[in-house]
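Take a look at the structure below.
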Amino acid sequence: MKIQMFIICCSAMTGLIHAQQMGIINNAASQHVKLKSVNIGDCRWTDGFWGDKFELCEEVMVPHMGTLLKGDVGFAYDNIKIAAGLKKGKHQGMNWHDGDFYKWMEAAAYVYAINKDPAIIKELDEIIGSSAECVGKIWRCGSRDVVCSESH
């Protein structure tokens, strides 16, 4: 079950690279809706309550959570690297912690869809590459437990 969820998460991450090109739910072709979704990037909060919240998210929350989840406190990115065989060590933290990491990646993708900061997409590309290594190893070995036992 964990393997299936991980594969689903990785598949969903692949779709994030297109986030700037369409809405979260693209209902533009539906004849059954009264209101159509707005594509990501077609509008932006520039001031007021939501403008302030987006700025806080962009400048403080997403970078801070990335620092935690990729650092020695959060272990999330290290766990992916360990499972992929890119780093030595043992899994640390909670079993669901990878889900928190993928939600942070989603938030970073949404921020990128608005600000087009090349540093964000470069960082996400690196992480997606590590995740792909991990998924490939799981497929070859057939089990997450095998992946963890193979890491040094």
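Read-outs: derived from the displayed coordinates by stated rules, not from any lab. Here the structure is a predicted model, which means the values were calculated and not measured. Here the Cβ positions follow ideal geometry from the backbone for every residue, glycine too, while neighbour counts run over all protein chains shown.
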### Rounded to the nearest 20 debye, dipole of the range 45-150 from Cβ charges on Lys, Arg, Asp, Glu
600 debye
### Query
Amide H neighbours of I40 under 5 Å, counting only residues 5+ apart in sequence or on other chains, H built in-plane at 1.01 Å?
M22, G23, I24
### Message
Just to check I understand the Karplus step: with θ = phi - 60° and J = 6.51 cos²θ - 1.76 cosθ + 1.60, what whole-Hz values come out for the range 101-113, glycine and proline as x?
### Response
5, 5, 5, 5, 4, 4, 4, 5, 5, 5, 5, 4, 4
### Task
Starting from one equal scatterer on each C-alpha and no solvent at all, send me the Debye-based log10 I(q)/I(0) for the range 25-114 at q = 0.14 Å⁻¹, two decimals.
-0.68
### Query
Using the Karplus equation 6.51 cos²θ - 1.76 cosθ + 1.60 (θ = phi - 60°), what ³J(HN,Hα) coupling, rounded to whole Hz, does each residue of the range 43-49 give in order, writing x for Gly and Pro?
9, 8, 7, 9, 7, x, 4
